[in-house]
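Accompanying notes for the structure given below.
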Amino acid sequence: LRIAHISDLHLLEFDAHTRSRSEKLRLRYLSMLRRLDPIARVLRLRRALTRAREGGFDHLFITGDLTEDGRAPQFELLAEELLASRIPPDTVTLIAGNHDMYDAKTGWHDALRGPLAMFASKSTQPFLLEGCMVVPALTAQHQHFLFSHGRLDDVATLRACLERATRAGAGLLVAQHHPPIASRLRAYQWADGLRNSDRLLDELGQHPAPVVLHGHLHRWTDNEAPMPNPARSFGAPAVCSTDNPRVRFYDLTRGDIRPLEEA
Ligand SMILES: [Fe+2]
């Protein structure tokens, strides 16, 4: 079975220029190094979805920063694009990133009940995929737009899934936005990283071969937790930052996950 993985779409609504002054300010800050071009961003997403389909996959993970700042029209746009792609919704897992939580406190959850409802179950509930327990995990939280750190929200569910997977000899795949392995730069980790990454790695270390798919760094990364922790993590580059977005592919055979290409 084949997995496709893309990340960091940073979609923007088409009428962003009609925003209030304070909302424009937020947008300009958040989009600092990216052109405020809603059409270019949609085209990049379309290209990434086409590439994923051309490469072939059984399940697609989109690991967060789906939108630039989590406004309802941006989630509506994402829903329209995913439906237009004709990818079956039950083969897609959507994960929220920090950018998806900057607007209304309940914006992401409202979107999962609204325009993204058909993606909700595979985006919020653990499920089995070819001998592998998949855990969609929320690490993003509602916070001021000057902050971008994360915190694994539901450690209890992860632990329960991990225990079940370990007992059953199943694989474990966690999909989340923030990378699970802390940066060595302490200030950077504090400002932008996963605040409880030690806790997450302690949990993951209870499984023989856990894998985390993530985004947030906007670049292709392959990492291993410090020995003897068996956790590995794979980051996908940002779709929004190039007209030529790359898709990561993995093989999943009887619970065992392997990336199919090198950076
Ligand atoms: Fe991002």
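Between Ile257, Ile181, the distinction of being open to solvent by 30 Å² or more (accessible area, probe 1.4 Å), aliphatic (A, V, I, L, M), away from the ligand (no atom under 16 Å from the Cβ) and touching a residue at least 12 places away in the same chain (Cβ under 8 Å) belongs to Ile181 only. Scan the stretch 6-59 for residues that are among the aliphatic types (A, V, I, L, M), at pLDDT 95 or above, away from the ligand (no atom under 14 Å from the Cβ) and touching an Asp or Glu at 6+ places or on another chain (Cβ under 9 Å) and the total you get is 4.
Scanning the stretch 52-77 for residues that are of a type outside the set (D, E, K, R), surrounded by fewer than 23 Cβ atoms within 10 Å (Cβ to Cβ) and closer than 14 Å to Glu13 by Cα yields Ala72, Pro73.
On the given criteria, is Arg28 of a type in the set (Lys, Arg) and out of contact with any Ser or Thr (no Cβ under 9 Å at 6 or more places or on another chain)? Step through it out loud before you land on a result.
On the way: of a type in the set (Lys, Arg): yes; out of contact with any Ser or Thr (no Cβ under 9 Å at 6 or more places or on another chain): yes.
Answer is yes for this residue.
Taking Phe147 as the residue in question, decide whether it is touching a residue at least 12 places away in the same chain (Cβ under 8 Å), among the hydrophobic types (A, V, I, L, M, F, W, C) and buried (at least 16 other Cβ atoms within 10 Å of the Cβ). For Phe147, the condition - touching a residue at least 12 places away in the same chain (Cβ under 8 Å), among the hydrophobic types (A, V, I, L, M, F, W, C) and buried (at least 16 other Cβ atoms within 10 Å of the Cβ) - is not met. Take the residues of the stretch 116-144 that are open to solvent by 20 Å² or more (accessible area, probe 1.4 Å) and closer than 30 Å to Trp190 by Cβ: which is farthest from the chain's Cα centre (by Cα)? Residue satisfying both the conditions and the ranking: His144.
Among the listed residues Arg232, Arg199, which satisfies the condition of being over 17 Å from Gly64 (Cβ atoms), within 17 Å of the chain's Cα centre (by Cα) and of a type outside the set (Phe, Trp, Tyr)?
Numbers: Arg199 fails: within 17 Å of the chain's Cα centre (by Cα).
Just one listed residue meets the conditions, Arg232.
Would it be correct to say that His207 is at pLDDT 95 or above, in a loop (DSSP other than H, G, I, E, B) and open to solvent by less than 40 Å² (accessible area, probe 1.4 Å)? For His207, the condition - at pLDDT 95 or above, in a loop (DSSP other than H, G, I, E, B) and open to solvent by less than 40 Å² (accessible area, probe 1.4 Å) - is met.
For the stretch 242-258, the criterion of being touching a Leu at 6+ places or on another chain (Cβ under 6 Å), modelled with pLDDT of 95 or more and in a loop (DSSP other than H, G, I, E, B) is met by no residue.
When only residues in the stretch 210-254 that are within 25 Å of Leu43 (Cα to Cα) and among the small types (Gly, Ala, Ser) count, which is most open to solvent (accessible area, probe 1.4 Å)?
Residues of the stretch 210-254 that are within 25 Å of Leu43 (Cα to Cα), as a first pass: 213-221, 234-250.
When the remaining residues are screened for being among the small types (Gly, Ala, Ser), the result is 215, 235-236, 238, 241.
Values: Gly215: 1, Gly235: 0, Ala236: 1, Ala238: 4, Ser241: 73 Å².
Of everything passing the filter in the stretch 210-254, Ser241 is most open to solvent (accessible area, probe 1.4 Å).
Evaluating Val134 against the criteria (1) modelled with pLDDT of 95 or more; (2) out of contact with any strand residue (DSSP E or B) (no Cβ under 8 Å at 6 or more places or on another chain); (3) farther than 24 Å from Arg19 by Cα leaves one unmet condition, (2). When the residues of the stretch 217-242 are filtered to those that are away from the ligand (no atom under 16 Å from the Cβ) and aliphatic (A, V, I, L, M), which remaining residue is nearest to His5 (Cα to Cα)? Across the stretch 217-242, the extreme among qualifying residues is Ala231.
If you check Arg164, Arg186, which single one turns out to be open to solvent by 80 Å² or more (accessible area, probe 1.4 Å) and more than 24 Å from His149 (Cα to Cα)? Step through it out loud before you land on a result.
On the way: Arg186 fails: more than 24 Å from His149 (Cα to Cα).
On inspection, the qualifying residue turns out to be Arg164.
Against the definition (closer than 23 Å to Pro38 by Cα, within 16 Å of the ligand (Cβ to nearest atom) and out of contact with any helix residue (DSSP H, G or I) (no Cβ under 9 Å at 6 or more places or on another chain)), how does Gly97 come out, yes or no? It is true that Gly97 is closer than 23 Å to Pro38 by Cα, within 16 Å of the ligand (Cβ to nearest atom) and out of contact with any helix residue (DSSP H, G or I) (no Cβ under 9 Å at 6 or more places or on another chain). For the stretch 161-196, the set of residues classified as in contact with a helix residue (DSSP H, G or I) (Cβ under 9 Å, 6 or more places away or on another chain), among the polar types (S, T, N, Q) and more than 22 Å from Ser123 (Cβ to Cβ) consists of Ser183, Gln189, listed by residue number.
The values are calculated or read from the model by the stated rules, or taken from the named source; none is laboratory data. Computed from a predicted model, the values in this text were never measured in an experiment. Note that we place each Cβ from the backbone using ideal geometry, even for glycine, and neighbour counts take in every protein chain shown. The accessibility values were calculated without ligands, DNA or RNA, using every heavy atom of the protein model including side chains. Shrake-Rupley method; radii C 1.70, N 1.55, O 1.52, S 1.80 Å.
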